[in-house]
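Visitor: Below: one structure in structure tokens.
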Amino acid sequence: MGLFIVKLGGSAISDKTKPLSYREDWVRDLGKLLLTGVRAGNRFVLVHGGGSFAHPLALAYGLSRYRDNGQLTGVSLTSAILHYLSMKITMTLATVGLPIYPLRTGSIYVISNGKPQLLISPIHILELLKRGVVPMMYGDVVPSDEGFSIISGDDIMLDLSSKLRPSAAVFLTDVPGILDSNGNLIRELSSSSIINERNTRGIDVTGGLMKKVQSAIELSNYARTYLCAIWDLKSITSIINNEEPSNCTRFLPRTKD
């Protein structure tokens, strides 16, 4: 049995074109699948994005770059709405029997010298897993050298994977992997691949598709790494079963010269 770190991306839990929208059905179905995995002896750590809850606020207050105390109201509101979203997800998943243990990211992470720094020992997360719960964090506004900065869910995925070395890491969105310009699935992606972002839609102050791809490729140095659709339960099950999914993009580590 394995340890899996799973990110529920903003588009997986919300419609980014509709403020405060919540895709409860998709989250609930995922919860049922993960509960089956837990009962089979697997362990999970979850991370979720801000979707249509946080990104509009962060953009309105310019939180992609903290300048002065005039943005503190935006810090407060963005942090609050993310906590609210995390509680919604917690309640949805707990209702189907998945024992989520939410951790407020701004209380356990800072950004120092431009990099995420976990303020608690990774052993703390392992101890939670040992007790049978599913720790969950989320992209948040956290203290930084500049005052406050946004830590994305992708940043957390990479940092946790480097520390916990899971069996696999899975990014979940509303589409089945990375698609090429013709709409066809790219089954494997490495740093030598060319990504065209011209058709990327929506607002995402955390860096959008290109940053996600870069993070996923780096993460693949520590674990099998995939991007799948949250509604593709068959592919997610394959990954948990240590099989290759039929409808996801797998990220490959950089080859050494």
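The values are calculated or read from the model by the stated rules, or taken from the named source; none is laboratory data. None of the values given here were measured: they were computed from a predicted structure. Cβ placement follows ideal geometry from the backbone for every residue including glycine, while neighbour counts extend to all protein chains displayed. Ligands, DNA and RNA are stripped out before the accessible areas are found, and what is left, the full protein with its side chains, is counted by its heavy atoms. Shrake-Rupley method; radii C 1.70, N 1.55, O 1.52, S 1.80 Å.
Visitor: Considering only Cα-Cα distances, which of the following residue pairs are longer than 25 Å: Lys18/Lys211; Lys130/Lys212; Lys7/Lys234; Lys32/Lys163? Don't skip to the end; give the middle numbers.
Guide: Details: Lys18/Lys211 23 Å; Lys130/Lys212 30 Å; Lys7/Lys234 17 Å; Lys32/Lys163 27 Å.
The answer is Lys130/Lys212; Lys32/Lys163.
Visitor: Follow-up question, since we're still on this one. For the pair Thr73 and Glu243, what calculated FRET efficiency results from E = 1/(1 + (r/R0)^6), where r is the Cβ-Cβ distance and R0 = 35 Å, to the nearest 0.05? Mind dumping the intermediate values first?
Guide: Numbers: r = 48 Å, r/R0 = 1.38.
Using R0 = 35 Å, I get an efficiency of 0.15.
Visitor: At 1.4 Å probe size, with every protein chain present, just tell me what the per residue accessible area of the chain comes to in Å². Can you show the working numbers first?
Guide: Details: 12080 Å² over 257 residues.
Result: 47 Å² per residue.
Visitor: Return the sequence-ordered ³J(HN,Hα) values of the stretch 52-58 in whole Hz as given by the Karplus equation 6.51 cos²θ - 1.76 cosθ + 1.60 applied to θ = phi - 60°, using x for Gly and Pro.
Guide: Once θ is set to phi - 60°, the couplings for the stretch 52-58 become 7, 8, 9, 4, x, 5, 4 Hz.
Visitor: Now for a different question. Say a site is exposed when it is one of the trypsin sites (Lys or Arg not before Pro), sits in a DSSP loop, and has at most 15 other Cβ atoms within 10 Å; what is then the longest site-free stretch of the chain?
Guide: Numbers: sites that count: Arg65, Arg67, Arg104, Arg131, Arg187, Arg198, Arg201, Arg254, Lys256.
That would be 1-64.
Visitor: Please tell me the relative contact order of the chain in percent, rounded to the nearest whole number, where contacts are Cα pairs under 8 Å and at least six residues apart. Don't skip to the answer; put the middle values down first.
Guide: Working: 499 pairs, mean separation 58.5, N = 257.
Computed value for the chain: 23 percent relative contact order.
Visitor: How much length is gained on full extension from Ser192 to Thr36, taking 0.36 nm per residue of separation minus their Cα-Cα distance? Kindly include the intermediate steps, with their values, before the conclusion.
Guide: On the way: separation 156, 0.36 × 156 = 56.16 nm, distance 3.69 nm.
Stretched out fully, the Ser192 to Thr36 stretch lengthens by 52.5 nm.
Visitor: Rounded to whole Å and sorted largest first, list the principal axis extents of the Cα atoms in the stretch 3-251.
Guide: Cα spread of the stretch 3-251 along its principal axes, largest to smallest: 50, 46, 33 Å.
Visitor: While we're looking at this one, here's another question. Please give the charge dipole size of the chain, origin at the Cα centre, charges +1 on K and R Cβ atoms and -1 on D and E Cβ atoms. Round to the nearest 20 debye.
Guide: On the way: 27 positive and 22 negative charges, 81 e Å.
That gives the chain a dipole magnitude of about 380 debye.
Visitor: Turning to a different aspect of this structure: If you take the charge dipole of the chain about its Cα centre, with +1 on Lys and Arg Cβ and -1 on Asp and Glu Cβ, which of Leu77, Leu227, Val96 is farthest toward its positive end?
Guide: Projecting each Cα onto the dipole axis, the largest value belongs to Val96.
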